[in-house]
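J.: First the structure, then my questions, so here it is.
Please treat every number below as a calculation from the coordinates, not as lab data. What you see is a predicted model, and the numbers here were worked out from it, not measured in a lab. Heads up, the Cβs are rebuilt from the backbone with ideal geometry, glycines too, and the neighbour counts pull from every protein chain shown.
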Amino acid sequence: MFAGFAGSLARYFWHFVAGWIFWGQYALWGLAPSIFSLVMNGASGLATGGVTALALVLLYRAVPRLFKVEDSAALKFNS
C-alpha cells in the first residue's frame with residue numbers, strides 16, 4: 001500500500017509542476033496556473049490513488065501470498 005501511495009504522490013507532484021510550467025497558459029475559468037494545476041492534478045491524483053488502493057486490496061484478497069515476505073535463509077537455490 002505504501003508503494004502505491006508513494007507512486008501516486010510522486011506522479012501528482014511532477015504532473016503539478018508540469019501543469020504549472022507548461023500548461024498554465026491554458027488555465028480555464030481565469031484561474032492562476034498554479035491553482036488550476038493544483039485542482040486538476042489533485043482530482044486526477046485522488047482518482048489514481050483510489051484506483052491503485054482498490055486494485056491492491058483486490059489483489060491481496062485474491063492472492064495474499066504475493067504480499068508475504070518469506071525467510072530468505074529458508075530459500076534454496078539450485079547451483
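J.: Expressed as an acute angle from 0 to 90° and rounded to the nearest 10, what is the orientation of the C-alpha long axis of helix 33-62 relative to the principal long axis of the chain?
T.: The helix 33-62 is inclined about 20 degrees to the chain.
J.: Where does helix 2-21 land angle-wise versus the long Cα axis of the chain, in degrees 0 to 90, nearest 10?
T.: Helix 2-21 sits roughly 20 degrees off the main axis of the chain.
J.: Determine the relative contact order of the chain: mean sequence separation of Cα pairs under 8 Å and six or more apart, normalised by residue count, in whole percent.
T.: After rounding, I find 30 percent.
J.: Find me the longest stretch of the chain that has none of the exposed chymotrypsin sites (Phe, Trp or Tyr not before Pro), where exposed means in a DSSP loop (not H, G, I, E or B) with at most 15 other Cβ atoms within 10 Å.
T.: It runs 24-76.
J.: Stretch residue 57-residue 3 to full length: gain in nm at 0.36 nm per residue minus the Cα-Cα span?
T.: 18.1 nm
J.: At a threshold of 8 angstrom on Cα-Cα distance, excluding pairs fewer than six apart, so keeping six or more, what relative contact order does the range 11-54 reach in percent?
T.: Relative contact order of the range 11-54: 40 percent.
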